[in-house]
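What follows draws every value from the coordinates through simple rules; no lab data is involved. Values in this document were obtained by computation on a predicted structure and should not be read as measured data. Cβ atoms come from the backbone with ideal geometry, glycine included; neighbour counts cover every protein chain shown.
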Amino acid sequence: MKKGLIAGAALTAAALLITPRFVGQSIEQDINQLIDNINKAPGYQAESLRHNRLWFSSQGAIRITLGGQMFANMPGHEPVSFDVEYAAEHGPLLFNAQGPLAWASFWASVDGDQLPEEVQLAEGEPFYLTEGNISLGGTINMHDVIPRFSVEAEDVVIEFGGFEGRGALGKTLNYQGGTGLISVSSEQGIFSLDKITVNLDVENNWQNGLTLSFAEGSQQVALHNIRFSSEVHGQQVSIESLTLNTLSEKVSDELNRVAFTYALNNVQANEFSMNKAIFTMSLGNLHNDVLDGYARLLEDIQNMADPDDLPKPAQDYLNDILGALVKHQPSLNIDELSFVLPAGEFNGHLNAELVGVDVLPDPLNDQAFWLQHVSANGKVSADIALVNYLGGVAMRQQLADNPQFADMNEDQQQAVIQQQVDGGIQMLVAQGMLEQTDEKLISNLTIKDSILTINQQQIPLGL
């Protein structure tokens, strides 16, 4: 038994000594793959400056250039490059804060000395630092930091309150991060926001995001407590939050859906106020060939030597994928358009798709053909008080240059405006374009066979 224990201990020690070499080889392969993925992303170029692999550690540097060939011939274009230094300790036994057991620990940083002199940050502090480990289960755990810094250029001063984020990359990429206070000051005014938060949950091959291929998942970027004030322009603006959500999902092996949601909360701009506004748009039944073709187009643009060549790859892309796009009845939906003002609420949606297209028209811009194959339905509704308010604002602007209107006092002007707005609403109700309830005005619409129907009233759309 004693001999067995000794043999087992020897095997374990041998494994701990041999494994780091294979870990180092794997890290080198992963870095080369990362460089390849960056080079496939439009507007980016990457090259390895050095990579030194020892038995228990690796270290090296990558140079990343922003702009790339796609901007090379633009007037005044100067590529921006920065060097990323990195190092890794090979596991599975680690002797640092990222251990004690992991395949590897790593860090990478961008030296602050590479920044323009207008960017000011603490001496000796890296402009960007990420560190983490690769767990025994293969998950990459990371912690990113961008320190506080300021930028002074001419009459503009930018203060950035830093960024910190944490994430885990396995079969999915889960990441959360946020900034500190951000402000921009100039003679024109002061802009500030308390923070920007980022949340990512991307499934499948997250590296597709670098090459703009399709990757399932959701992303959210939110700006919190935005403020702008300007004595010069007499403006005071505040927004409690501005949020962008994106969702990418596969409907089948070949078809995909992408949705975007913009949301505003509590907007105040001088005398104007809005409690909330939401806009959600989705694109459905997008064939894989469409998304792959789009990625190829961007890659072609990146590699163009002459920007005048742009129309050609765009046209080639259109010809290649348009058939695949229309064959699967692509849809463009406004899933929600809503806002709330003190005067009332507005809500609307529109669902549209292309149907029955087997052969593309010649020429492609045959409007009558496309109208014949559009199928759509939607609905809008608004509080009557809101329609009166918005109509009044529009009518006041329309009458602003009328001398007779200008000579009236406020009560007379308001009477004229209300009369015009009421008359317009009643005319649309009489024509059947609007349905009126006690509190709301409603329109239902459909488009089919080149005919627009609004509340049962048909309007041919033939051109």
Rough spin-label spacing in nm, given labels placed 7 Å along Cα→Cβ, for Y128 and A400: 4.5
Computed D for the range 323-458, Stokes-Einstein, Kirkwood radius over alpha-carbon pairs, 25 °C, 0.890 mPa s, to the nearest µm² per second, is 138
Let me check I've understood the local charge: for N347, count other residues with C-beta under 9 angstrom from its C-beta, Lys and Arg +1, Asp and Glu -1. What total comes out? -1
Scoring only Lys, Arg, Asp and Glu (+1, +1, -1, -1) among other residues with Cβ under 10 Å from the Cβ of L441 yields -2
For the range 341-355, just list the computed ³J(HN,Hα) in residue order, Karplus coefficients 6.51, -1.76 and 1.60, θ = phi - 60°, integers in Hz, with x standing in for Gly and Pro. 10, x, 6, x, 10, 10, 9, x, 8, 8, 10, 9, 8, 8, 10
Which ³J(HN,Hα) values, rounded to whole Hz and listed in residue order, are derived for the range 243-257 from phi using the Karplus coefficients 6.51, -1.76 and 1.60 in 6.51 cos²θ - 1.76 cosθ + 1.60 with θ = phi - 60°, glycine and proline given as x? 10, 10, 10, 10, 9, 10, 8, 8, 8, 8, 4, 10, 10, 9, 9
